[in-house]
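Derivation of every value follows stated rules applied to the coordinates shown; laboratory data play no part. Quantities reported herein were computed from a predicted structural model and do not represent experimental measurements. Note that each Cβ is placed from the backbone with ideal geometry, even for glycine, and that neighbours are counted across all protein chains shown.
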Amino acid sequence: MRIFRCSLKLEPVMFNKYSLVPIRSDELSVRTPLPWSVYDSRDNLLLVKGFILESASQIETMAEQGYFRDYGRSSSRRRTGRSISGEEIRGDQVRESQRELVASMDQIKWLVGEALDLQLHDNADIRYNVRLIGFTRNKSVLVSAPIVDDKLAFVREGQTFVVRSFFGKRAYAFSASVIKCVHSPHSYLHLSYPSQVRLATVRKGARAEMRSIASVTLGAPERIGAATLVDMSIGGTSCVATHVLGEKGESGTVVFKINVAEQDHIMTLKAVLRSVTTSENKSEYRHGFEFFDMTVHERLVLSAFVNQILVEVND
């Protein structure tokens, strides 16, 4: 069964009594003046109305970064921040907010087949990976039936889940209950349509300082070594060890424990060794790893951990 979505009117997100709407790439054109001003998630003015975009890559970057446009805002009451240049739009270095926002289901650029993580509301240990099939506005959200060990997982109608997703630089979450379990012609679930979706910007480059023991496995045949993680980001980690753990370009796994919202998580992440340098005291070696092939759940837990530390540091 294939479900198509038609174009729907976006409802505004409220910021400090004003309304902003997420920018869609199909609303912008190359070498055409912006029809409205552009703001970040902190309500700072980034681009003024009339700014001319020079390339299609700038348009895609603006949409991926999660910028917003005016929605019936009085020009005399704007909160003005610094403007950003076309060069900055091409990169991902524009600072973004860590605050959590709220949007409607229609505002999110959901993709058919997008991976979702279902966590049972009253039991955090029960999680399922499913795929988005589609949704009918104000009716239900359709997802694939969860599979565990090549078998359909037992899901009861009425059970409530926290649904999470990670797409681009945004993490999304909403609560939904199972309305109907369908098994013909294919197995899928009808989830209740959420009244709102919580979203937070995840900054891939932001690094959180930490001290934690890790086990690193690299190469073939596998070599296992101990290391101390010294910082963590959404995309990778740095650690120190008393000896060189491997050669640049080797892939393997990094295993470590983190605590998020008073709950311990054992993370086993695939990683590539990108750099090896001698530490300042020359008695240790600093290693830089890049994570890859993370699941939706792993990315959500890691992003929550990094932002949790950054918030604690800034408080």
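Take every Cα pair under 8 Å in segment 216-288 that's 6+ residues apart, average their separations, divide by the length, and report that relative contact order as a whole percent.
Values: 136 pairs, mean separation 21.7, N = 73.
In percent, rounded to a whole number, it is 30.
Test of understanding: what is the full-extension gain from Ser177 to His121, defined as 0.36 nm times their sequence separation minus their Cα-Cα distance? Walk me through the numbers on the way to the answer.
Values: separation 56, 0.36 × 56 = 20.16 nm, distance 0.93 nm.
Net length gain for the segment: 19.2 nm.
Given R₀ = 22 Å, FRET efficiency for Glu250-Asn129 by Cβ-Cβ distance, to 0.05?
Working: r = 28 Å, r/R0 = 1.28.
About 0.20, to the nearest 0.05.
What is the list of residues in segment 239-273 whose amide nitrogen lies under 18 Å from a point 7 angstrom out from the Cα of Arg223, following Cα to Cβ?
Counting only backbone N, you get 239-255, 271-273.
Hey, what do the phi angles of segment 116-132 turn into as Karplus ³J(HN,Hα) couplings, whole Hz, using 6.51/-1.76/1.60 and θ = phi - 60°, x for Gly and Pro?
With the stated coefficients, segment 116-132 comes to 10, 10, 9, 10, 4, 4, 9, 8, 5, 7, 9, 9, 10, 9, 10, 10, 6 Hz.
A 27 angstrom limit on the alpha carbon distance is what I want to check against. Which of Lys49/Lys109; Lys49/Lys139; Lys109/Lys139 exceed it?
Lys49/Lys139
Once label points are set 7 Å from the Cα along Cα→Cβ at both Leu152 and Arg274, what is their separation, rounded to one decimal in nm?
4.3 nm
Which ³J(HN,Hα) values in Hz, rounded to whole numbers, follow from the phi angles of segment 212-225 under the Karplus curve 6.51 cos²θ - 1.76 cosθ + 1.60, where θ = phi - 60° and Gly and Pro get x?
Using θ = phi - 60°, the values come out as 8, 6, 9, 10, 10, 10, 9, x, 9, x, 5, 10, 10, x Hz.
Once label points are set 7 Å from the Cα along Cα→Cβ at both Gln196 and Thr295, what is their separation, rounded to one decimal in nm?
With each label point 7 Å from Cα toward Cβ, the separation is 3.0 nm.
Taking Rh as the Kirkwood radius computed over C-alpha pairs, what is the Stokes-Einstein D of segment 219-262 at 20 °C in a medium of viscosity 1.002 mPa s, expressed in µm² per second?
Details: Rh = 12.2 Å.
D, rounded to a whole number, is 175 µm²/s.
Just to check I understand the Karplus step: with θ = phi - 60° and J = 6.51 cos²θ - 1.76 cosθ + 1.60, what whole-Hz values come out for segment 174-188, glycine and proline as x?
7, 9, 8, 10, 7, 8, 8, 9, 10, 10, 9, x, 9, 7, 7
Taking the Kirkwood radius as the inverse of the mean 1/r across Cα pairs, report the Rg/Rh of segment 167-301.
Radius of gyration over Kirkwood radius for segment 167-301 works out to 1.11.
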